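All remarks here apply to the structure that follows.
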Amino acid sequence: MASTAARPSVNGIVPQKDLESFQFHLAKSTRIIALLGAGVSASSGLPTFRGAGGMWRTHEATDLATPEAFAADPGLVWQFYNYRRHMALNVKPNPAHYALAELARKKQGFITLSQNVDGLSPRAGHPSQSLKLLHGSLFDVKCSDFFCKYTQIDNYTDPIVPALTIPTTADGDEVDPTSKAILASKDLDISDVNVKIPEIDTAHLPSCPSCKGLLRPGVVWFGERLPGDVMSDIETWLDESETIDLIMVIGTSAKVYPAAGYVDMAREKGARVAVINMDKKDVPASGVYSQDWFFEGDAAKIVPELFKNEIGEITEMPDAADSR
Ligand code: BV8
Ligand code: ZN
């Protein structure tokens, strides 16, 4: 199955023979995992971690996603996360998010393990009991003080505090809010180091209503433990059966652990692996074997095609954000 030579794709999306063998296996699979990465949200318009070389201004995105960076410069780290909140709130889930949500409604033994913090799978209506957010959410906040347990979920305020307002092309121009310049103003792309951003002191950053300490984004930073409740839910799901039939590795470079470890864990339980990725080189560390599949291309096009026999066509794409 997993031939390296790119087979001609009949429907312009995936090679027919691979599509048929995959759909045949999916149809008889009862225990299925989907492991998601930033590539699933790429065609919604969100940059991946490795996209743009993984840089945000002059910083490695992975360096900013650490407790050390937050301790050193909470203003900078909040501008990074407020920017990603703003971006995520201004894009829409894509057909891959909806196809996964629909498969979750159709297939009892299906679970989605997402590394994405962008909120697009929940907005696409993915049933929450079968969606595990391994690395938290941009739209949850919690107190950064170790002894304070304050948390707030579903905070969609944008900007989260006035000091984090993203500068626009009209800044500094006329003050008349109805002026053409203001109406036509666009956000400046603060991921570009050439765009000036202010130093923000902690007094103007999100503060904890309980202890007046500093709030931080409700995401898992490198070096931090994954959410205990999420990990135990996954353990419970794994213990429900000796075997796993299929793991789909979708839009992820599968380099971050323990998330990437689920591929080998599933394989040990008998799972066949289906990789959906834009980049032929991005295969899980343990590779792709003859009984596996590699579907090269855009997850937003390929995933709905792969699931078509189970879920039909994706017609509506209701966005939970519209009803907020
Ligand atoms: C921990 C939230 C311990 C924040 C994130 C074992 C071996 C080696 C290292 C480790 C190990 N175990 C632990 C480590 C350390 C570390 C780690 O894994 N480091 C890596 C870099 C080697 N892990 C940790 O620190 C974890 N914590 O281990 O704690 C502990 C235990 C007890 C007590 C205390 C501590 C925590 C890891 C979580 C970090 N937080 N995110 C935020 O988002 O800001 S990780 C973050 O980066 C994402 O969530 C994701 O996981 C990762 C990015 O990867 P991807 O999503 O795959 O994105 P990427 O850009 O890399 O790739 C995109 C892919 O999509 C590409 O393949 C591309 O080709 C493809 N693509 C692009 N467009 C499309 C597409 N595919 C299809 N269609 C398209 N259109
Ligand atoms: Zn607090």
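Being farther than 30 Å from LYS28 by Cα, hydroxyl-bearing (Ser, Thr, Tyr) and either away from ligand 2 (no atom under 16 Å from the Cβ) or not assigned by the TED database to the domain that holds THR112 (or both), is that true of even one residue in segment 183-195?
Our first condition is that a residue be farther than 30 Å from LYS28 by Cα; within segment 183-195, this holds for 183-195.
In the following step, the residues that additionally are hydroxyl-bearing (Ser, Thr, Tyr) were identified as 185, 191.
If we keep only those that are either away from ligand 2 (no atom under 16 Å from the Cβ) or not assigned by the TED database to the domain that holds THR112 (or both) too, we end up with 185, 191.
Looking through segment 183-195, at least one residue is farther than 30 Å from LYS28 by Cα, hydroxyl-bearing (Ser, Thr, Tyr) and either away from ligand 2 (no atom under 16 Å from the Cβ) or not assigned by the TED database to the domain that holds THR112 (or both).
For the subset of segment 201-222 comprising residues that are away from ligand 2 (no atom under 16 Å from the Cβ) and more than 25 Å from THR112 (Cβ to Cβ), which member is surrounded by the fewest Cβ atoms within 10 Å (Cβ to Cβ)? Can you show your working first?
Residues of segment 201-222 that are away from ligand 2 (no atom under 16 Å from the Cβ), as a first pass: 201, 204, 219-222.
Those still in the list that are more than 25 Å from THR112 (Cβ to Cβ) too: 201, 204.
Numbers: ASP201: 10, HIS204: 14.
Taking the candidates together, the pick is ASP201.
Does LEU138 qualify as being touching a Phe, Trp or Tyr at 6+ places or on another chain (Cβ under 9 Å), buried (at least 18 other Cβ atoms within 10 Å of the Cβ), assigned to a strand (DSSP E or B) and hydrophobic (A, V, I, L, M, F, W, C)? Break it down into steps so the answer makes sense when it comes.
Working: touching a Phe, Trp or Tyr at 6+ places or on another chain (Cβ under 9 Å): yes; buried (at least 18 other Cβ atoms within 10 Å of the Cβ): yes; assigned to a strand (DSSP E or B): yes; hydrophobic (A, V, I, L, M, F, W, C): yes.
Criteria met by LEU138.
Any idea which of (1) away from ligand 2 (no atom under 16 Å from the Cβ); (2) farther than 30 Å from THR58 by Cβ; (3) among the β-branched types (Val, Ile, Thr); (4) modelled with pLDDT of 95 or more is the one VAL117 doesn't satisfy?
(2)
Could you tell me which numbered condition LEU131 fails, if it satisfies all but one of (1) buried (at least 23 other Cβ atoms within 10 Å of the Cβ); (2) touching a strand residue (DSSP E or B) at 6+ places or on another chain (Cβ under 9 Å)?
Status for LEU131: all satisfied but (1).
So, GLY54, is that one modelled with pLDDT under 90 and either of a type outside the set (A, V, I, L, M, F, W, C) or closer than 30 Å to GLU316 by Cα (or both) or not?
Working: modelled with pLDDT under 90: yes; either of a type outside the set (A, V, I, L, M, F, W, C) or closer than 30 Å to GLU316 by Cα (or both): yes.
The answer is yes for GLY54.
Name the single residue that is modelled with the lowest pLDDT among those in segment 141-159 being within 15 Å of ligand 1 (Cβ to nearest atom) and assigned to a loop (DSSP other than H, G, I, E, B).
Looking at the filtered set, the residue picked out is PHE146.
Among the residues of segment 53-70, what is the count of those that are out of contact with any helix residue (DSSP H, G or I) (no Cβ under 9 Å at 6 or more places or on another chain) and closer than 24 Å to TYR257 by Cβ?
Of segment 53-70, the ones out of contact with any helix residue (DSSP H, G or I) (no Cβ under 9 Å at 6 or more places or on another chain) are 53, 58, 67-68.
Add one more test, that the residue is closer than 24 Å to TYR257 by Cβ, and what stays is 53, 67-68.
Within segment 53-70, residues that are out of contact with any helix residue (DSSP H, G or I) (no Cβ under 9 Å at 6 or more places or on another chain) and closer than 24 Å to TYR257 by Cβ number 3.
Looking only at segment 282-324, filter to residues that are part of a helix (DSSP H, G or I) and basic (Lys, Arg); which one of those is surrounded by the fewest Cβ atoms within 10 Å (Cβ to Cβ)? Write out each step before concluding.
In the first step, residues of segment 282-324 are kept if they are part of a helix (DSSP H, G or I); the result is 299-311, 320-323.
Imposing the further condition that a residue be basic (Lys, Arg) reduces the set to 301, 308.
Details: LYS301: 18, LYS308: 15.
Only one residue tops the list, namely LYS308.
The values are calculated or read from the model by the stated rules, or taken from the named source; none is laboratory data. From a predicted model like this one, the values you see are computed outputs, not experimental measurements. Virtual Cβ from ideal backbone geometry, glycine too; neighbours counted across all protein chains shown.
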